[in-house]
Amino acid sequence: MTDLVTLTIDGIELTVPKGTYVVDAAKRVNIDIPVFCHHPKMEPVGMCRMCLVEIGTPVRDRSTGEVVLNEEGAPQINFGKGLQTGCTVPVSEGMVVRTNTDVVTDARDDILEFLLTSHPLDCPICDKGGECPLQNLTMRHGPGASRMDFTNKAQLAKHYPLGQLIVLDRERCIQCARCIRFQDEIVDDPVLAFHNRGRYLQIVTNSEPGFDSIFSGNTTDICPVGALTTTDFRFAARPWEMTPVASICTHCPVGCNTTLSTRPEAAAGGRTVIKRVMPRQNEMVNEIWMCDKGRFVHHYADAPDRLTQPLVRKNGELVESSWDEALELVARRLQEHKDSVAGLSGDRLSNEDMFLFQRLFREGLDSPNIDQAQARLGGGDVVAQVGLSHGSNLAGLGKGDAILVVASDMHQEAPVWWLRVKQAIDRGAQLVLLNARPTRLDKFATHILPYAPGGAVEQTHRLLNAARVALDGEEADPLQAASVTLVQARHLVAFYGGEGLTLDQTEALARVLANLLLLKNDEGVNHAGRANNGLVAIWPHNNTQGAWDMGIRPDAGPGYQPLDEPGMDAAQIYDAVSSGNLRALYVMGADPIGDELMADRGQLDFLVVQELFLTATAREADVVLPARSWAEREGTFTTGERRVQRFYPAIPVVGESLSDWQILARLGEQLGLGKPPYAAGLVFRDIAQAVPQYEGMSFRELARVEEQWPRVGDDDLYYGGTSYDNKSGIGLQWPSAADNTDASVEMYELTPPAGAPAAGTPEPPGESLMAIPITVLYRSGTLIDHSKVLSTRIIPPSLLLHPADAARYDVQHGDMVTVEVAGRSVRLAAYLDADNGVRELALLRGALLPPGVAIAPLQIVDVEKQAAPVEVQTVPG
């Protein structure tokens, strides 16, 4: 009880944790203290003074320290001479707070009048109108008439672009500094600042390009006025005109909870469209934040080039067809080639889609030849054993805990995980990094253990061995020091990616990390099967975890049940397409030709593609089946933390498209799999019966909600911002094997490390560099290319070099270079980066190596000089 404090606010006695601020304590008992600058996720600054309250503390006898009692036997309270800011004063034992006295109300009235002296009264046309804290508080506390001479109002820029995505109205800004503090404290992108003084104090950007942050959209959510707006929503709709629909982000394994704001649009012929995407609170997943990719890429759902009805190839051309004709043709041709058929699935699709996809092949066609089209990261079966334990929340990590990140640029691969890891470090957690190059996490790391390209498995194995030695009391080098940090940590979460690694290497890496987690410390306790401990794979897409769970792999079915006779994996399927050993191929939600995994359709007799757009692969297909986007349907995704989450339909169906699972169910009916289900919930019911890890789950259970702190989305939008509260489900996390107290997870048998460099790692011959493909958040692709607002942020295929290596080839920043790598000749833009570049390492951004190749020697064979060389700099992103 020493960590709890009891106080009284407006006559209500409450007990809250020590260190809680008065404003936050009042919120817990539904007492309203208005704020502008304060936000429960940021440190208090007391700038706006809107939260002024009367605060009294018990009078104590100076000689004894005892509380002085009044005539009635109650503590005597001293309220002092003035009001105090409730957002900066921590609660104390016996404190008494008064929030609704005349003096407090008068102070609020005065603050509102002061703020309005230069604030434009343009509520009828302001984007924030209807969800504006200043508007609401003005109606409650503001004066009925202004004493300010209109001619004395400050005239400032009304449409000032801070960057390509965010516009500032300088007249509306009330200088609360929420945006500045968010960028500095929360996401470590201090690209905004105050400029000038007094009435002409203004927000400015100090980055080039302007407002260079992948989290910039969050500032519009927490801005308490209409000063910050997004370029794609500014003057586009009013809040009361839109319908909010709960959804899930589809762009990375974090699984951010979102809300799609929709409205019928005249320009779309009266069709309901998505007007904006905003975060939806889930404190266990994304809290109240999201990255800009998740916020702005939604435009593809309403793109005019969406596929609207089936296409069948006739006389060499794809022509429109009916569903009956197309499905009959697909079913017949697949049956004709059932002895030589394979399926490739994307990992952005829902669990329902992938479950019926594997069922179609394994039960309808008796074929085990299915895999993820881009199977780049292994270890899903290891995650099922020692994955992040049930009940975990990254927000619970802090002092005494440790985080390990291997082979990943988390900032670009899973931005909100990066944000939450950074915040855990701010709370005192220690970070151990293993990577072949610097990333945005380096500045926060306690220990950095670099390795040669391709050497992640060996370095991690050395870390494991050092941990065993450290348990014997020895600590002789940085490797052992890092191992002590991990093994002796109260909680340990290990993240791993696949940068510079083959599929087999990532599988081996996951096993080494599992053994590290299973290693017992001095107290005989390991880091598996307990909350806030375990392994997390930084999967390449939003539902790669679901693909593993549903059995989209050649050697195991749903629920990781091994198959007696494994089929061909993705690499073998691509080889078979080229060699003619495969006659029919079904591609769902993937573009292997566009992604350069296949050169063309090879010698296939029959190719069917199920897609949103006419991709490069679809253009070569015999049948193209139009699918619905995630916004037109319902279903479930599973995050990288194994949390199953539900999303809902928000906009009408485009044309005659069907949900992927509906297409597969109708095909399954023609292949003898019975009557198709009529709802996604029925498919999920079958999943819960077939996948042991999903047992007991249902759409109803996934829609369950619980009270979260801080509370956002209430009527008092000034407290947490305009992020939506969660009324549609926080999801369910399935337990790993280590969570089962009746089961014992054994350590994996490991192959001893071969030493550095890793076995099979090619040495760069002569003057060559070693090339590693790296992930960039804004890489060109089918979906993001439909978002005009992000067009200037998309990074073209490029080569990132250290200035010393560039000098060897006479390459300057911005030159176009032709490189030879892995048997290919590629033309790329070259960028120089002294901070993130590594000597003798060439980082390929947006350019992939052939399937199965993770690193390769690279030779620059030609340099095309640009007209005017630019200064060497740290490359944005």
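Magnitude of the charge dipole for region 112-230, about its Cα centre and with charges confined to Cβ atoms of Lys, Arg (+1) and Asp, Glu (-1), is about 540 debye. For region 92-100, backbone phi angles converted through the Karplus equation (6.51, -1.76, 1.60; θ = phi - 60°) give residue-by-residue couplings of 9, 4, x, 4, 10, 10, 10, 10, 10 Hz, Gly and Pro being listed as x. In this Cβ point-charge picture (+1 for Lys and Arg, -1 for Asp and Glu), region 380-537 has a dipole of about 460 debye about its Cα centre.
Test of understanding: what is the full-extension gain from E208 to K788, defined as 0.36 nm times their sequence separation minus their Cα-Cα distance?
Numbers: separation 580, 0.36 × 580 = 208.80 nm, distance 2.01 nm.
Result: 206.8 nm gained on full extension.
In this calculation the C-beta distance from T243 to D862 is compared with R0 = 45 Å, giving a FRET efficiency of 0.25.
Rounded to two decimals, what is the ratio between the C-alpha radius of gyration of region 769-864 and 2.2 N^0.38 Å?
Values: Rg = 13.3 Å, N = 96, 2.2 N^0.38 = 12.5 Å.
Rounded to two decimals, the normalised Rg is 1.07.
Dividing the mean sequence gap of close Cα pairs (under 8 Å, 6+ apart) by how many residues region 112-230 holds gives a relative contact order of 30 percent.
When ligands, DNA and RNA are left out and all protein chains stay put, how many square angstrom of accessible area per residue does region 380-537 have with a 1.4 Å probe?
Numbers: 4680 Å² over 158 residues.
With all protein chains present, region 380-537 gives 30 Å² per residue.
Amide H contacts for N542 (H built 1.01 Å from N in the peptide plane; partners 5 or more residues away or on another chain; cut-off under 5 Å): C252. Charge dipole of region 515-587 (Cα centre as origin; +1 on each Lys and Arg Cβ, -1 on each Asp and Glu Cβ, all else neutral): 180 debye, rounded to the nearest 20. Look at the dipole of the chain built from charges on Cβ: of I214, Q812, I425, the Cα furthest out on the positive end belongs to I214.
Can you compute the FRET efficiency between M139 and N393 using 1/(1 + (r/R0)^6), with r the Cβ-Cβ distance and R0 = 51 Å? Round to the nearest 0.05. With R0 = 51 Å, the Cβ-Cβ based efficiency is 0.85.
Only protein heavy atoms count here; on that basis, with a 1.4 Å probe, C252 has an accessible area of about 20 Å².
Placing a label point 7 Å from the Cα of E701 along the Cα-to-Cβ direction, the residues of region 637-669 with a backbone N closer than 20 Å are 637-648.
How high is the FRET efficiency from A571 to Q155, r the C-beta distance, R0 60 Å, rounded to 0.05? Working shown, then result.
Numbers: r = 64 Å, r/R0 = 1.07.
After rounding, the FRET efficiency stands at 0.40.
What is the packing order of peptides 40-49, 136-145, taking the mean over residues of other C-beta atoms within 10 Å and listing the highest first?
Numbers: 40-49: 18.2, 136-145: 13.8.
The densest-packed peptide leads the list: 40-49, 136-145.
What is the distance, in nm, between label points placed 7 Å from the Cα along the Cα-to-Cβ direction at D305 and at S579? That separation, rounded to one decimal, is 3.6 nm. Label positions at M816 and R199, each projected 7 Å from the Cα along the C-beta direction, are separated by 5.4 nm. Extension gain for the segment D605 to K314, taken as residue separation times 0.36 nm less the Cα-Cα distance, is 103.3 nm to one decimal.
If packing is taken as the average count of other Cβ atoms within 10 Å, what order do 449-461, 831-843 fall into, highest mean first?
Numbers: 449-461: 23.5, 831-843: 19.9.
The densest-packed peptide leads the list: 449-461, 831-843.
Answer rounded, prolate or oblate for region 4-100, using the Cα gyration tensor with square roots of eigenvalues a ≥ b ≥ c: rounded when a/c is under 1.5, else prolate when a/b is larger than b/c, else oblate. Display every interim value, and only then the final one.
Working: a/c = 1.96, a/b = 1.82, b/c = 1.08.
The shape class here is prolate.
Between T231 and W323, full extension at 0.36 nm per residue minus the direct alpha carbon distance yields a gain of 29.2 nm.
Taking the 1.4 Å solvent-accessible surface of the chain as the whole, the part contributed by carbon and sulfur is 49%. Each principal axis of the Cα atoms in region 150-243 has its own extent, and those three values, largest first, are 37, 35, 21 angstrom.
Let me check against my output: what whole-number percent is the relative contact order of region 380-537, with C-alpha pairs under 8 Å and at least 6 apart? Walk me through the numbers on the way to the answer.
On the way: 301 pairs, mean separation 52.3, N = 158.
Computed over region 380-537, the figure is 33 percent.
Its relative contact order, with pairs defined as Cα atoms under 8 Å and 6+ residues apart, puts the chain at 13 percent. Of the labelled figures [x] 0.99; [y] 1.10; [z] 0.93, only one reflects Rg/Rh (Cα atoms, Kirkwood Rh) as derived from the coordinates, namely [x].
Summarising the amide proton neighbourhood of N78: residues at separation of 5 or more, or on other chains, whose placed amide H is nearer than 5 Å comprise T57, V59. Ignoring lysines fewer than eight residues from K27 along the same chain, the ones with Cα atoms less than 26 angstrom from its Cα are K18, K41, K81, K128, K727.
With a cut-off of 19 Å on the backbone N, the residues of region 698-720 near the modelled label site 7 Å out from M42 along Cα-Cβ are 710-714, 716-720.
Toward the positive end of the charge dipole of the chain, with +1 on the Cβ of Lys and Arg and -1 on the Cβ of Asp and Glu, the farthest Cα among V91, G668, P558 is that of V91.
What is region 380-537 by shape, rounded, prolate or oblate, if you read a ≥ b ≥ c off the alpha carbon gyration tensor as root eigenvalues and call it rounded for a/c under 1.5, prolate for a/b larger than b/c, and oblate otherwise? Cα axes put region 380-537 in the rounded bin. I need the shape label for region 382-458. Rule: rounded when a/c is under 1.5, else prolate if a/b > b/c, else oblate, with a, b, c from the alpha carbon gyration tensor. Here region 382-458 falls in the oblate category.
The values are calculated or read from the model by the stated rules, or taken from the named source; none is laboratory data. Everything numeric in this text was worked out from a predicted model, so none of it was measured. Cβ atoms come from the backbone with ideal geometry, glycine included; neighbour counts cover every protein chain shown. Note: areas computed on protein heavy atoms with side chains; ligands, DNA, RNA excluded. Shrake-Rupley method; radii C 1.70, N 1.55, O 1.52, S 1.80 Å.
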